[in-house]
Each structure stands twice: as C-alpha cells, then as structure tokens.
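Presented below is the structure to which this report refers.
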Amino acid sequence: MSIGTKTYNVNNNVSSRSFSLAKIFGYMFIGLLITTVVAFGLGAALTYGVIKDSPEVANRLTPLMICASIVQLVLTIMIPFVCFKNNRAILPIGLVYCVTMGVMLSSFVIYIDWRILALAFAGCTLTFGIMALIATFTKGNLYPLAIIGLSLLFGAGLLVLFNWVFILFFPVLYSPFYWVVEGIMFVAIMLITMYDIWNINKIAESGAMTKDLELFCAFNLYVDFINIFIRMVLFLLRIFGRR
C-alpha cells in the first residue's frame, strides 16, 4: 500500500512540475510575443511614408528610446524589491517591461536586415534550448555557474570601460577589446541562463511554485532570452552587417 502511495506521489510531483514549467515557458512566450509585436509595429509606424535612413526616423525614434531606457532602468531596480513585497505587482511590471523592450528593439527592426534578425533568432532559440536541456538533466548543483557568470559580467564591464578609454585616446585604431568583451558576455549570459532554468526546475520539484513565482521565473527567462538574442544580433552584425 505504501509503495502504491509513494508511486502516486512521485507521479503527482512530476505532473505538477511539468505543468508549472509549461506555464512558465508559456508566460515567457507571451512576453516575447508582446515584445515582437511592439517592435515590428512601432518600426513600421516610425518608417511609414519616409525613407528608413532619413533623419526624420531618428528624430521620431530617439525620444521613445530615451523614455523606454529610463523606464527599463527604473523597472529593473524595482522588480527585485516590489515583486517580493507585493507579488501581484509582477504582472503589470512585466507587461510594461515587455512593451518598453519592444520599443528598444524597434531600432533593430528599422536599421538591421531582417535576414540577420531571423538568423539571430534561430541561433538564440537553439542556444536557449541547449542551455535548457543541459540545466534540466544536470543532477549536480549549478549555483557556482551563477557566481561565475556574474563574475564574468563584471569583468566584461571593466573591459567595456577600458574599451571606451582606448577609443577615446586612439580613435583611429581598431579596439582590441571588442571580441573579448563579446565572448565573455556571451559565455556569462549562457551560464546565468543555465542556472536560472536549473533553479526553476528545483523550485518546481519542491512543490513551492505559486502563480506569482511562475510569473517571476518567466520574467527571468524572458530577460535571459532577450540578452542572448541581442548578443547574437551584434555578433552577426560584425560579420555580415554594414551598419
């Protein structure tokens, strides 16, 4: 009798974990869809009736980009504090963040060839999927990956600072730090993504997952996906792009 009960509990836990993960990835997909619609819709609206390279497009886009970047900075600071004090705040904050991210990425839609964007999205999806598989089937503790990833991001930030100094004093020379920074940041983002997915699996397995926590986890994965996508776009632009 106890064996049957144990089997039922295990199956029930697996089913609950799978259902929670499905909802988390579903929320993430909705966030990405909102960002995509806003990016392409705003890009089409800003370029309607004018040439993409004309100053008029930049004049329309720049104020929106500034406002969106300020809002994103404020939300990024608010989210860790507001969401854990008032869990219901995660949904409106997440929706606003997705919309402002769409505003930011509208510049990609306007100025970058759609084939580069499509290739970057395909590469991002593949990379994210591989990270998810590794994190899901890894039995060990991936917390050290988060520490390494954050450390690499800090190191990349220092290199960016050195890069600006280098360009300031040697504007005619090619910066030697670009590819190093890009490589470090990409590795750091992948490590953090693996840890986030692993951590979400552990929370789901513990049975402590709630709707608000599912939304917060989906937001973290959304940010990871967007970060990978942006790195992919910048990497491909260096190879194929002209601007």
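The values are calculated or read from the model by the stated rules, or taken from the named source; none is laboratory data. Since this is a predicted model, take the numbers as computed values, not measurements. No Cβ is skipped: glycine too gets one built from the backbone with ideal geometry, and neighbour counts run over all protein chains shown. Heavy atoms of the whole protein, side chains included, go into the accessibility calculation; ligands, DNA and RNA do not. Shrake-Rupley method; radii C 1.70, N 1.55, O 1.52, S 1.80 Å.
Filter region 102-147 down to the residues that are farther than 17 Å from PHE40 by Cα, touching a residue at least 60 places away in the same chain (Cβ under 8 Å) and in a loop (DSSP other than H, G, I, E, B) and list them by number. Write out each step before concluding.
Applying the first criterion (farther than 17 Å from PHE40 by Cα) to region 102-147 yields 122-147.
Retained after the next criterion (residues that are touching a residue at least 60 places away in the same chain (Cβ under 8 Å)): 123-124, 127-128, 131-132, 134-136, 138.
Hit for region 102-147 is THR138, nothing else.
There is at least one residue in region 187-200 that is under 15 Å from LEU153 (Cβ atoms), assigned to a helix (DSSP H, G or I), of a type in the set (Ser, Thr, Tyr) and out of contact with any strand residue (DSSP E or B) (no Cβ under 9 Å at 6 or more places or on another chain). Among residues of region 75-92 being closer than 18 Å to GLY31 by Cβ and open to solvent by 20 Å² or more (accessible area, probe 1.4 Å), the one that is modelled with the highest pLDDT is PRO92. Of everything in region 93-143 that's out of contact with any helix residue (DSSP H, G or I) (no Cβ under 7 Å at 6 or more places or on another chain) and of a type in the set (S, T, N, Q), which residue is most open to solvent (accessible area, probe 1.4 Å)? It comes out as ASN141. Among the residues of region 31-40, which ones are touching a residue at least 12 places away in the same chain (Cβ under 8 Å) and open to solvent by 30 Å² or more (accessible area, probe 1.4 Å)? Answer for region 31-40, where residues must be touching a residue at least 12 places away in the same chain (Cβ under 8 Å) and open to solvent by 30 Å² or more (accessible area, probe 1.4 Å): ILE34, THR36, VAL37, VAL38, PHE40.
Which residues, taken from region 204-218, are in a helix (DSSP H, G or I) and either buried (at least 18 other Cβ atoms within 10 Å of the Cβ) or touching an Asp or Glu at 6+ places or on another chain (Cβ under 6 Å) (or both)? Spell out the reasoning first.
Narrowing region 204-218 to residues in a helix (DSSP H, G or I): 204-206, 211-218.
Across region 204-218, the qualifying residues are ALA204, LEU213, GLU214, LEU215, PHE216, CYS217, ALA218.
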